[in-house]
Amino acid sequence: MNIKNFLPVVLILLLLISCGTNNKLARIQYGTRELSSTQQELLDSILSRGLDYEALYTMIGKIKPMSSVASFTFPVANTDSLKKTKGEVLDLTRNQAYLSKIEQIQEVVNTLNYPDLKFVFIPYNHAYSEKRILQLSVVRESLMNRVLHDKASFFGQFGLVPGADPAVVVSTIESSDRYERLRAYGYLFGYPEYAVDFFVDASVVNDQNGEFVERNFFQIPSFARDNGTFVYAYPQDHTPGKTDSTLFWGAQSVLAKYKEIRMHYLNQDSTLQSENLLNDFFYQEKGIK
């Protein structure tokens, strides 16, 4: 073969090898390190809880900047005021088992790595008796950055700007003033601005006067159920309009496509291979708008 004809063939082969290598690396980055069967089962159960409920609209759809994935409650909170200044608070002989379970959850959460998504596992600031609630949330970073930009007058007071680490954002608002916390979560959960204003104002009235402000609820269905997942309150005299309609039908489109995908990832016992579903979704770039 003439050297002039041979060189293009070599270049094409090198290009194909390079593309194959890049595809393999791209596939690996969406997966996890090797997990035990127990860890895999835990991870799939956590992710399926998110996908079947409101977190679908953050994890696969680009509807909600942030969503709750799962909550975990453990009796590890300190109830002894005398221990507030102490370094040794928990009786580890009694509580180490709970801490080990939290560590197991943290370990599998740490393996998650998907484009534009960040999983945040933090404790709620307030405890209930001995119960400490730890909340796993998922954040779509591009949407959170947009909220931080559009609501700079609000989030700027905390020093939170686009590009901030989602864990820092969530931890900051979790420990903020009650009404600021409600407003911040309302914005990040993707509720319309009028609904956020109403909920905060109604909370003020309730706290000051002990008067519950009557309300209606706008319900957006999830796979698991039609009511009680992606939901927000609005005034009784308000008629849902274009903003609500756009949110509803955008979510419906995501849900319909998820139902088509989901049936291909079921185990024999009907549990969901949720990690495989997400891995394939991001690898194949089937982005649901």
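The values are calculated or read from the model by the stated rules, or taken from the named source; none is laboratory data. Computed from a predicted model, the values in this text were never measured in an experiment. Ideal geometry is used to build each Cβ from the backbone, glycine not excepted, and the neighbour counts take in all protein chains shown. Note: areas computed on protein heavy atoms with side chains; ligands, DNA, RNA excluded. Shrake-Rupley method; radii C 1.70, N 1.55, O 1.52, S 1.80 Å.
Can you tell me the order of 60-72, 90-102, 189-201 when each peptide is scored by its average per-residue count of other Cβ atoms within 10 angstrom, highest first? Walk me through the numbers before you get to the answer.
On the way: 60-72: 21.2, 90-102: 11.8, 189-201: 18.2.
Averaged packing, sorted descending, gives the order 60-72, 189-201, 90-102.
The label-point distance for Asn227 and Gln284, in a model that sets each label 7 Å from Cα toward Cβ, rounds to 3.5 nm.
How fast does the stretch 161-240 diffuse by Stokes-Einstein, in µm²/s, taking the Kirkwood radius from C-alpha pairs at 25 °C and 0.890 mPa s? Each step should come with its number before you reach the end.
Numbers: Rh = 14.1 Å.
Value of D from the Cα-based Kirkwood radius: 174 µm²/s.
With an a/c value of 1.5 or above and a/b not larger than b/c for the gyration tensor axes a ≥ b ≥ c computed over the alpha-carbon atoms, the stretch 95-208 is described as oblate.
For the stretch 142-289, the spread of Cα coordinates along the three principal axes comes to 54, 36, 30 Å, biggest extent given first.
Is the stretch 21-176 rounded, prolate or oblate when judged by the Cα gyration tensor, a ≥ b ≥ c being the square roots of its eigenvalues, rounded requiring a/c under 1.5 and prolate requiring a/b larger than b/c? Because a/c hits 1.5 or more and a/b fails to exceed b/c, the stretch 21-176 counts as oblate. Within the accessible surface of the chain, defined with a 1.4 Å probe on protein heavy atoms only, the carbon and sulfur portion equals 52 percent. Note on the chain: Cα-only Rg and Dmax are 23.0, 91 Å. Considering only Cα-Cα distances, which of the following residue pairs are longer than 20 Å: Lys64/Lys151; Lys64/Lys101; Lys84/Lys131; Lys101/Lys259; Lys62/Lys151; Lys83/Lys131? Beyond 20 Å between Cα atoms: Lys64/Lys101; Lys101/Lys259.
Contact order, relative form, for the chain: 22 percent (alpha carbon pairs under 8 Å, 6 or more residues apart, mean separation divided by residue count). Spatially, the stretch 245-277 and the stretch 185-208 are offset by 30 Å when compared through their Cα centroids.
Name the residue, out of Glu107, Glu211, Glu41, whose mean-square fluctuation peaks in a Gaussian network model built on the chain with Cα pairs under 10 Å. The residue with the greatest mean-square fluctuation here is Glu211. Give the residues of the stretch 148-187 whose amide nitrogen is closer than 16 Å to a point set 7 Å from the Cα of Val213 in the direction of its Cβ. Within reach of a label on Val213: 178-187.
For Val161 and Ser142, compute 0.36 nm times the residue count separating them, minus their Cα-Cα distance, and round to one decimal in nm.
Values: separation 19, 0.36 × 19 = 6.84 nm, distance 1.23 nm.
Residue separation times 0.36 nm, minus the Cα-Cα distance, leaves 5.6 nm.
From the square roots a ≥ b ≥ c of the eigenvalues of the alpha-carbon gyration tensor of the stretch 202-289, which class results: rounded (a/c under 1.5), prolate (a/b over b/c), or oblate? Cα axes put the stretch 202-289 in the prolate bin. Evaluate the relative contact order of the stretch 115-156 (contact order divided by residue number), counting alpha-carbon pairs under 8 angstrom at least 6 apart; express in whole percent. This gives 37 percent for the stretch 115-156.
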